[in-house]
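Input: a single structure, listed below in structure tokens.
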Amino acid sequence: MVFKRLLVLLLFFFSTCAEIYAQQIATVSGTVKDPKGNPLYGATIGVIGKPIGVFTKEDGKYSLQVPANENLQLIISYQGLKQDTFNIRLAPGEKKVINSRMTGKIYQINEFTVTEKSLKNENATRIDPKVVKMIPTPNQSVEDILKTMPGVSSTNELSSTYSVRGGNYDENLVYINDFEVYRPLLVRAGQQEGLSVINPDMVDGIKFSAGGFDAKYGDKLSSVLDIKYRRPTKFGGAFSASLLGASLELENQSKSGKFYYMFGARQKSNQYLLNTFETDGEYNPSFTDIQLVTGYDVSKKLNIEVFANYARNRYSLVPQSRETNFGTINDAKRFTVFFEGQELDRYETFTGSFSATYKPQPKLTLKLIGTAYKSHEEENFDILGQYFLDQLENDLGKDNFGNVAFNLGVGSFLDHARNKLDGQVISLEQKGDIINESSVWQWGVKVQQESFTDKLHEWYYNDSAGYSISSYRDSLNPQIILNEVVIARNNLTTNRLSGYIQNTWQITDTTRLVLTTGIRANYSDLNEQLVISPRISVTYKPRFSKSLTLRAATGLYYQPPFYRELRGTDGRLYPEVMAQKSIHIVVGSDFTFLAFGREFKLTAEAFYKALETLIPYKVDNIRLRYLPQYTSKGYAQGMDFRLFGEFVPGAESWLSVSYLKTEEDVRGDYYYRYFNSDGEEVYPGYTSNSTAVDSTIVEPGYIPRPADQRLTFGIFFQDYLPKFPTYKMQLSMVFGTALPFGPPGDERYTDLLRTPTYRRVDIGFSKQLIGDEVKKKPQGKFLKGFESMWIGLEVFNLLQVSNVASYTWITDVSNARQYAVPNYLTGRQLNLRITAQF
């Protein structure tokens, strides 16, 4: 009897709860169709700010329960199609039908309107340019965003350089409006580099491929960054100022719509940031960049456009002193240096481009591009350093724990350079495309000339307690020997001819299966080498899941040597060097799913690169020192993952994880191991009782490449206060495991040491003063002219991690032991920033 009463009460309780719940919800249902009117399977229906959502069924229908008595935004989206938004407020229990016929995304290009189709290259990741202006990093550049992407690695926040899937900085292609751009060649350290050539205020589109890219892109081994600048449609601009510099961008279009221009100017000085270095001194860096894009529509079929860029970098340093503690707790040392002298570096680059785009028919586009690049670079320094190498006390029980226990050596060094480089690259290219209903044909032919005049005069002298330290010491013939003497005069002119043709077409009636095939060729008269690069990629969307996209790409990639690859560490040119070769194999997938009522995408890629005829190199800070007298073979393999979406409604964020292993075998390299009569290994010329009676040759085999960073992790995250959306936060985090390094010299097999892990967290807090989300509108004519205005506080290197940029090698003459003294990057620093758009 008691059980029956309890059962009745429970049934009454649950029925009452169900009735109450039903009174608090409403239902939205309907049918979603594609632009042709066919039912659309797999479209996403969600509500902004609510953890609810569904996908459409095979017949395109859906049904979604939503909260009642609330103002809601219903979102209907599908990849490659324009998103539909509906504002709804339903009564409890109300049922509402909302149907949608989705349309293609529309883009205005010159006088031609093009509807975006899903027939496009899926091997490139598209990045929202607005994100670049939000990332809280010292450079706030497009490259800083790339450093948080999968497969991308960088261990220097002051530089725009990055490596991709085991490659180096010189293996990355960068395009602006279809022409290739270059960077200075003599830069040694990130603090000398200055501004990136890409002006983020002028960017309209960003595409990035970490491998397996199409034949239409040039001849490099690793990656492609394809930048499109904006075509203005009205008067506007942007302004930004911080403790590190300022920028201004202006744009306009004539009343007729035929003439337009966009102007950008940037000035930067990271002196404030460099004050966190361990080397005290007078830093005086000054970086200036001016860009202009202007165009005119001669007719509805013909457009001409001009791009001009002038960049001037000045870096001056008068060092005074430095104190660096390094080693372990049990073996801690202190390196103290007092300096005399100064460094003065100058880098000037000029880039100009002229293009004419002609569209005789709606499906045919022809484009002619002429480009000129000129650089003048100088390195001048004479720096004398007098140093003390001390052992620190490691006994916790002693009063002088952490202080100097005894001196290991006293010495001095003198670093001298007078280097000048003038470079010029001129090219003329014709390219075109034909867009049909189910295929896209693209082609291009390019002729290019490169000229370089290089004057090198540098040397390094190291002395300890009155003795010159060289690689070999002969007591019978004492002499002062300079280290790393490079005196050279080089003049080089090279002509290249390249071209490509590729076709992208849909195999099925829909875009479920898209195939891209292409081939490109490159000929250089320097080594008279002709290379042929076939490439193919396929994208497949299975019927069983509209949320899943599968893709694969493979191809042969060559990189003919540029000037820097031809110059050895001794300053000599090696014109017989052949093109580096890589075979890419990439398989990947994109999986779109619904979480928290919002759409997320999980991207995964596995890759393998077989490398041949490589030019070995060593890395010093961001300076690449090639060894063209050698060649090597190698491989790179790994996996990349990226989770992308709105973790917070209306704010894009992502996290990336990558695994990499890359090694190389330098052909013909070897070293000797010496043994005395007791079978013990000895080092002739450096240790007592070192008489060798036997030796053996050792071939190192495969060793880690300089970019062998096994694990990298990147995050870009945005958030805001729900009740106060004008208060926002942006966070950038980069983590990378240890990189190989070794002592100076041309011997790659000695680079078996590992740097500490790279850890960097930058965070920014901002408040919107003017904009759509600000309820109180600005007063006065001046402020009403602004579309948005933000003020922010940024904290660089939030965790105060001492990341290592490079090493200074010091030799103890008493036992010929070498010490690697770390050169640390910037510490924690605050930055104030104000940005505005009008």
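The values are calculated or read from the model by the stated rules, or taken from the named source; none is laboratory data. Since we're looking at a predicted model, the values are computed, not measured. Cβ: placed from backbone, ideal geometry, glycine included. Neighbour counts: every protein chain shown. Heavy atoms of the whole protein, side chains included, go into the accessibility calculation; ligands, DNA and RNA do not. Shrake-Rupley method; radii C 1.70, N 1.55, O 1.52, S 1.80 Å.
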Original post:
Out of curiosity, is Ala651 modelled with pLDDT of 95 or more and either of a type in the set (Gly, Ala, Ser) or open to solvent by 70 Å² or more (accessible area, probe 1.4 Å) (or both)?
Top reply: no
Original post:
Of all residues in segment 585-600, how many are open to solvent by less than 60 Å² (accessible area, probe 1.4 Å), in a strand (DSSP E or B) and of a type outside the set (Ser, Thr, Tyr)?
Top reply: 8
**OP:** Evaluate segment 366-382: report whether one residue or more is of a type outside the set (A, V, I, L, M, F, W, C), farther than 30 Å from Asn394 by Cβ and free of Cβ contacts under 8 Å to residues at least 24 places away in the same chain.
**Re:** no
Original post:
Is there any pair with a first residue in segment 806-828 that is under 11 Å from Leu389 (Cβ atoms) and hydrophobic (A, V, I, L, M, F, W, C) and a second that is at pLDDT below 85 and open to solvent by 50 Å² or more (accessible area, probe 1.4 Å) whose Cβ atoms are under 6 Å apart and which are 6 or more apart or on different chains, and what are they?
Top reply: Val813/Tyr467
**OP:** Name the residue, out of Lys207, Lys216, that is among the basic types (Lys, Arg) and touching a Ser or Thr at 6+ places or on another chain (Cβ under 8 Å).
**Re:** Lys207
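Every residue, every condition in (1) surrounded by fewer than 19 Cβ atoms within 10 Å (Cβ to Cβ); (2) under 30 Å from Thr351 (Cβ atoms); (3) at pLDDT 90 or above, yes or no:
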{"site": "Leu366", "(1), (2), (3)": "yes, yes, yes"}
{"site": "Gly370", "(1), (2), (3)": "yes, yes, yes"}
{"site": "Gly402", "(1), (2), (3)": "yes, no, no"}
{"site": "Ser412", "(1), (2), (3)": "yes, no, no"}
{"site": "His416", "(1), (2), (3)": "yes, no, yes"}
{"site": "Val425", "(1), (2), (3)": "no, yes, yes"}
Subject >> Selection within segment 120-154 - among the β-branched types (Val, Ile, Thr) and not in a helix (DSSP H, G or I) >> reply: Thr125, Ile127, Ile135, Thr137, Thr148, Val152
Original post:
Being at pLDDT 90 or above, among the acidic types (Asp, Glu) and more than 23 Å from the chain's Cα centre (by Cα), is that true of even one residue in segment 795-814?
Top reply: no
Original post:
Any idea which of Lys661, Lys618, Lys609 is under 30 Å from Pro743 (Cβ atoms) and open to solvent by 30 Å² or more (accessible area, probe 1.4 Å)?
Top reply: Lys661
Subject >> Val531 being of a type in the set (A, V, I, L, M) and either open to solvent by less than 30 Å² (accessible area, probe 1.4 Å) or not in a strand (DSSP E or B) (or both) >> reply: yes
Subject >> Unmet criterion (only one of (1) part of a loop (DSSP other than H, G, I, E, B); (2) surrounded by 22 or more Cβ atoms within 10 Å (Cβ to Cβ)) for Lys546 >> reply: (2)
Subject >> Cβ-Cβ under 7 Å pairs, at least 6 apart or on other chains, segment 693-717 side closer than 15 Å to Tyr162 by Cβ and part of a loop (DSSP other than H, G, I, E, B), far side among the β-branched types (Val, Ile, Thr) and open to solvent by 20 Å² or more (accessible area, probe 1.4 Å) >> reply: Pro706/Val619; Gln709/Thr737
Original post:
Restricting segment 198-220 to residues that are within 15 Å of the chain's Cα centre (by Cα) and closer than 28 Å to Lys581 by Cβ, which is most open to solvent (accessible area, probe 1.4 Å)?
Top reply: Lys207
Subject >> Asn172 vs. criteria over 29 Å from Tyr824 (Cα atoms), open to solvent by 10 Å² or more (accessible area, probe 1.4 Å) and either modelled with pLDDT under 90 or of a type in the set (S, T, N, Q) (or both) >> reply: no
Original post:
How many residues does segment 99-135 hold that are touching a Ser or Thr at 6+ places or on another chain (Cβ under 6 Å), modelled with pLDDT of 90 or more and open to solvent by less than 30 Å² (accessible area, probe 1.4 Å)?
Top reply: 1
**OP:** Please enumerate the residues belonging to segment 534-543 that are open to solvent by 70 Å² or more (accessible area, probe 1.4 Å) and either free of Cβ contacts under 8 Å to residues at least 24 places away in the same chain or of a type in the set (A, V, I, L, M, F, W, C) (or both).
**Re:** Ile536
**OP:** Name, by its number, the condition in (1) under 30 Å from Asp463 (Cβ atoms); (2) outside any strand (DSSP E or B); (3) in contact with a strand residue (DSSP E or B) (Cβ under 6 Å, 6 or more places away or on another chain) that does not hold for Val801.
**Re:** (1)
Original post:
Taking segment 309-346, which residues are in contact with a strand residue (DSSP E or B) (Cβ under 6 Å, 6 or more places away or on another chain), open to solvent by 40 Å² or more (accessible area, probe 1.4 Å) and hydrophobic (A, V, I, L, M, F, W, C)?
Top reply: Val318, Phe338, Leu344
Original post:
What number of residues within segment 505-526 satisfy the criterion of being surrounded by 16 or more Cβ atoms within 10 Å (Cβ to Cβ), at pLDDT 90 or above and in a loop (DSSP other than H, G, I, E, B)?
Top reply: 1
